[in-house]
Every structure is written in C-alpha cells, then in structure tokens.
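S.K.: The structure is given below, and queries will be raised subsequently.
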Amino acid sequence: MTPQPPGHQTAGAGENVLHLFGLPLQNTTLALAADMLLRAAAQGQRRNVYFVNAHCVNLAAANADYDETLRAADLLFADGIGMRIAARVAGDRVRDNVNGTDLFPLLCAGAAQAGLALAFIGGKPGVAQACARNMGIAHPGLKVAYVQDGYFPAAQTDAVLHALRQSQAQLVFVAMGVPRQEQFIRRHAEALGDTVRLGVGALFDFYSGTIPRAPRVLRRLGLEWLFRLLIEPRRLFVRYVLGNPQFLARVLWRRLRKHAALTHEPLSG
C-alpha cells in the first residue's frame, strides 16, 4: 500500500454515488467499503463517516443542524431496508447494505492485519470495554488503543479528546446514537486529528453481548428492525412504528413530486 498525503481522496470514493434525499451515498459493497476505510486510516486521512438509514432521514427532515452535518460528511453509506426501498422507488439500486454493524468485524480483521489502532467512544459504562475484549479474542493482534464510555460530563470532553490523540488511534468508532454521535464528530473534527471517525449507533451493545443481534435470516430479509423492536419495544416504538410509515410517505411524496416535474403536472397542496 503506497502512503498518500493526508487529504488524498480514497480510492473508490465518489466513483459510484447514489443520490437519495439530496445525500451522496457511496453505492458499494461491505468488502469494498472496508478496504476504502482501512486505506484511508493507514494513509492518515481525516474522514467523517456516517451510515444513513430511514430513521436518519426522518431526523434530518426535522433537524436542520443534523441535516447539515450529514451533508458535510466525507463519506455516507446507505444502511437498511428503508434505503433499499427508497432507491428502488427512485429507479436505482443499492448494491449492498453497508451498515456499521456488519462492517465492524471486517474493519477489525483488516486493522489487526495492518497493525492499525482503534478507539471506542460511547455506550454505557463497561460496554465498550467488553466489546474491545470480545473483538480482541475474535481478531488476534487487534490493537484497541483507547476506550471511553459515552457518559462522561461535557466538562471532561477536552480531556477525553486529549487522551484519544495520545493513544494514536487511526480508526475511531463513536457510539452515542443519532444524531449526537455525528454532531460530536463534526464538532470535534479538528481535535480528532488524522483519523477515520465513524458514527456507529448501538454497535458496541451488539458486539459486547449486551443486546442480541437479529438472526441472519431476518437480516437477509431486511427485518432486523422488527427484531430490534421486539427486543426494545419501549425505546424503539416511535422510531419504527411511527417512523417507518413516515419514511415511506416521504419516499412516495418525493416520487410523486419527481413524476409531476417530469410530466409538468401540478401537485395540489
């Protein structure tokens, strides 16, 4: 791998971009996405990386700051069945479900092989530590240089960022939930240094064993959201039971607007 100066565009980035909801999404596979991010980390590139699902789209429509944060990202990936449906309705196709949870073990395997250092920030106390321990067992040689739960007070943010820089981590996984994790990454982009930073949601919960992952058959069918709803109904009721119909209505409305623009037919209201 030939080193490139910081800021050099990662190979593959921008070559196949899918535009949905005004967002440029990298339309690639899990394996290619992992390779792209590992190369960027090895080359000391600064990359803000987010995974966009139906819930993210709903939040961005109601939160201008979060919408701006997504649009300012270096790399966005389409996550989940909702984005696949949106692409299909728009007459396009998502090549793969590039979500942080499935991408994580590929990144850990590649990082262990390449000698890249990782940092985990977020989750409840003890969860990120358990995740780091489990991934170290699964991927011998993996270096997790820094671990910090997500419950530190705001007054300690500078100390956390200083400790992270001292760790010399190259891949930083931030698990604070949407939109907090993306806004944290954007707000502290300079302090995070020459790293690849990813907003990864509940990833630590899954790989620590705190929350079970949906069976593979449900994931293949695009029903992981339903499994999560059954596991955490109170927390995820609004996101899925109310949010999914809202997202689908948004998809159909954009399709109707596009059709009306192409046929010059006015839409009432």
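S.K.: Within the stretch 82-103, identify whether any single residue is touching a Cys at 6+ places or on another chain (Cβ under 8 Å) and over 14 Å from residue 200 (Cβ atoms), and answer yes or no.
M.R.: No, because not a single residue in the stretch 82-103 is touching a Cys at 6+ places or on another chain (Cβ under 8 Å) and over 14 Å from residue 200 (Cβ atoms).
S.K.: Suppose we keep only residues that are under 15 Å from residue 69 (Cα atoms) and hydrophobic (A, V, I, L, M, F, W, C) within the stretch 177-199. Which one would you say is most open to solvent (accessible area, probe 1.4 Å)?
M.R.: Here the residue is 178.
S.K.: Can you tell me which residue within the stretch 143-176, out of those that are among the β-branched types (Val, Ile, Thr) and within 21 Å of residue 105 (Cβ to Cβ), is surrounded by the most Cβ atoms within 10 Å (Cβ to Cβ)? Quick ask: steps written out before the conclusion?
M.R.: Of all residues in the stretch 143-176, those among the β-branched types (Val, Ile, Thr) come to 144, 147, 157, 160, 172, 174.
Subset that is within 21 Å of residue 105 (Cβ to Cβ): 144, 147, 172, 174.
Details: 144: 22, 147: 22, 172: 24, 174: 27.
Per the stated criteria, the residue is 174.
S.K.: Quick one: in the stretch 180-219, of everything that is among the hydroxyl-bearing types (Ser, Thr, Tyr) and assigned to a loop (DSSP other than H, G, I, E, B), which residue is nearest to residue 137 (Cα to Cα)? Step through it out loud before you land on a result.
M.R.: Of all residues in the stretch 180-219, those among the hydroxyl-bearing types (Ser, Thr, Tyr) come to 195, 207-208, 210.
Checking the rest, the ones that are also assigned to a loop (DSSP other than H, G, I, E, B) come to 195, 210.
On the way: 195: 24, 210: 17 Å.
Here the residue is 210.
S.K.: Just to be sure, is residue 48 in contact (Cβ under 8 Å) with a residue 24 or more places away in the chain and over 20 Å from residue 195 (Cα atoms)? Give the derivation first.
M.R.: Details: in contact (Cβ under 8 Å) with a residue 24 or more places away in the chain: yes; over 20 Å from residue 195 (Cα atoms): no.
When the stated conditions are applied, residue 48 does not pass them.
S.K.: Residue by residue through the stretch 60-69, note down the ones that are part of a helix (DSSP H, G or I) and open to solvent by 20 Å² or more (accessible area, probe 1.4 Å). Write out each step before concluding.
M.R.: Of all residues in the stretch 60-69, those part of a helix (DSSP H, G or I) come to 60-62, 64-69.
Scanning the stretch 60-69 gives 61, 62, 64, 65, 67, 68.
S.K.: Shifting gears a bit: Look at residue 201 and say whether it is within 21 Å of residue 106 (Cβ to Cβ) and of a type outside the set (D, E, K, R). Explain how you work it out, then say what you get.
M.R.: Details: within 21 Å of residue 106 (Cβ to Cβ): yes; of a type outside the set (D, E, K, R): yes.
Here the answer is yes, as residue 201 does meet what is asked.
S.K.: Among the residues in the stretch 239-256, are any open to solvent by less than 50 Å² (accessible area, probe 1.4 Å), in a helix (DSSP H, G or I), among the aromatic types (Phe, Trp, Tyr) and over 30 Å from residue 43 (Cβ atoms)?
M.R.: Just the residues of the stretch 239-256 that are open to solvent by less than 50 Å² (accessible area, probe 1.4 Å), to begin with: 240, 243-244, 247, 251.
Still in the list and also in a helix (DSSP H, G or I): 240, 243-244, 247, 251.
Within this subset, residues satisfying the condition of being among the aromatic types (Phe, Trp, Tyr) are 240, 247.
Okay, now just the ones that are also over 30 Å from residue 43 (Cβ atoms), so 240, 247.
The answer is yes; a qualifying residue exists.
S.K.: Related question: Please identify the pairs in which a residue from the stretch 116-132 that is closer than 23 Å to residue 168 by Cβ has its Cβ atom under 6 Å from the Cβ atom of a residue that is acidic (Asp, Glu), counting only partners at least 6 apart or on another chain.
M.R.: Qualifying pairs under 6 Å: 123/149; 128/149.
The values are calculated or read from the model by the stated rules, or taken from the named source; none is laboratory data. This is a predicted model, so every value here is computed, not measured. All Cβ positions, glycine included, derive from the backbone under ideal geometry; neighbour counts span all protein chains shown. Remember, those area values only see protein heavy atoms, side chains included, never the ligands or the DNA or RNA. Shrake-Rupley method; radii C 1.70, N 1.55, O 1.52, S 1.80 Å.
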